[in-house]
1. How much length is gained on full extension from Lys40 to Ala106, taking 0.36 nm per residue of separation minus their Cα-Cα distance?
2. For the chain, state the semi-axes of the equivalent ellipsoid (square roots of 5 times the eigenvalues of the alpha-carbon gyration tensor), sorted largest first and rounded to whole angstrom.
3. Loop only by DSSP, 11 or fewer other Cβ within 10 Å of the Cβ. Give me the GluC sites (Glu not before Pro) in region 87-161 that pass, ordered by residue number.
4. Pick out, in residue order, every one of the trypsin sites (Lys or Arg not before Pro) in region 169-210 that is DSSP loop and has at most 15 other C-beta atoms within 10 Å; say none if there are none.
5. Can you show me the helix-derived [θ] at 222 nm for the chain, built from DSSP H runs with n ≥ 4 at -39,500 (n - 2.57) apiece and divided by the number of residues, rounded to the nearest 500.
6. How would Leu127, Leu96, Leu109 line up by accessible area, probe 1.4 Å, largest first?
7. Tyr83's amide H: which non-local residues (gap 5+, or another chain) put their own amide H closer than 5 Å, with H modeled 1.01 Å from N in plane and none for Pro or chain starts?
8. How far is helix 44-56 tilted, in degrees, relative to the longest principal axis of the Cα atoms in the chain, given as a value from 0 to 90 rounded to the nearest 10?
Amino acid sequence: MDILQLKERKKASGLTNREIAGLSGIPFSTVNKIFSGATKNPRYSTLLAIEQVIAKKEKIPFTYDEARKMPVMVREEASAYRYAARTYNQEDIEKLEEGVRAELIAGYLYILAAPGRMHQYILTELLFQIKLHILRQNGTCQVYPAPFDVRLFGDDRTIVQPDLSVVCKKEQLTDKGCSGAPDWVIEITSEHNAKHDFVVKMMQYQKAGVREYWIVDQFEEKVYVYCFENGEHSGVYSFTEEIPGYVMDGIRIRIRTDDNTDMVTEAEK
C-alpha cells in the first residue's frame, strides 16, 4: 500500500480530507499534507489508519500523538482494534514504527493498546516465577515475555505476541522469535480485550497445537486454564488458589492483585 493507491481509494470512496481527518483522529492539516505530497514519508501507522477509514467509513478508536506524529490507540478503548481494509501480511507488521503493538491473524491486522500497570505487574511476577522454576528444576524450556513474535503455524500468515510464551522445543527458536506453537501460552486480559483472548486467539492457539493456555483475568481475579491435550487438567481458579501447571511438572502458582503479590511454586515449598 502506497500513497498512489491511497489516493485512488480515496477518490473512489468520495470522502473529503476533512471527513478522513474526523474519522481517523489525524489532524486535517496532516491529511492535507499527505495527499498533496508535502509529506514525503508519512508514518506507516498513519497510512494504515487513513486506509481503514476510507475502506470502512467509520470512526476508529485512535488519537493523534503529536510527539510521535502518528495515531495511537485510545487507552480507555483498549480492545484490540482490527484493521480490515484488505488482506494484510508480514510486510505490514515490519513497516510499523517501533513500539507499535500489533498482531497478524488470518489476514487481519490487530492493533493493541499499551498495557496498564497491573497487567505488567502480573506479567512480571509470572515471568519471574516460571523462570525460577525452570532454573531450579534444571529445565530445558524457555520463557519469553511480549514483545516476542510467534509465528504460530511456522509461516508468516499468523504472527502473534502472547504476554508469555513457554517454548520447550529449542529448534522452534529463531532470531525472529518462535516458529511454531509454544507449549504454554499465557495471556493477561485488559479491560476491553476479553473477546480477543477468549475467542480469536484461543481458536488460533488450539488449532496451532499449543498444549496449555492460561487466560489471567485481572478484573474478575480468575485464571482460566485450558489444557488442550488433556481436558481433565482444565479449570477455573481464583487468584488466591494454587494453580497447577501441566506442561511444567511441579509448578504451582498463586496470584494476588495487591502490590504484595504472593506467588509460589512447588519448588519453593
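The values are calculated or read from the model by the stated rules, or taken from the named source; none is laboratory data. Everything quoted here is computed from the prediction, not taken from an experiment. Virtual Cβ from ideal backbone geometry, glycine too; neighbours counted across all protein chains shown. These area figures cover heavy atoms from the full protein model, side chains too; ligands, DNA and RNA do not enter into them. Shrake-Rupley method; radii C 1.70, N 1.55, O 1.52, S 1.80 Å.
1. On the way: separation 66, 0.36 × 66 = 23.76 nm, distance 3.13 nm.
Residue separation times 0.36 nm, minus the Cα-Cα distance, leaves 20.6 nm.
2. 39, 19, 15
3. When the GluC sites (Glu not before Pro) of region 87-161 are filtered for loop state and at most 11 Cβ neighbours within 10 Å, Glu98 remain.
4. Passing sites in region 169-210 are Lys169, Lys176.
5. That comes out to -8500 deg cm²/dmol.
6. Leu127, Leu96, Leu109
7. Sorted by chain and number, the residues that satisfy this are Leu109, Tyr110, Ile111.
8. For helix 44-56, the angle is close to 70 degrees.
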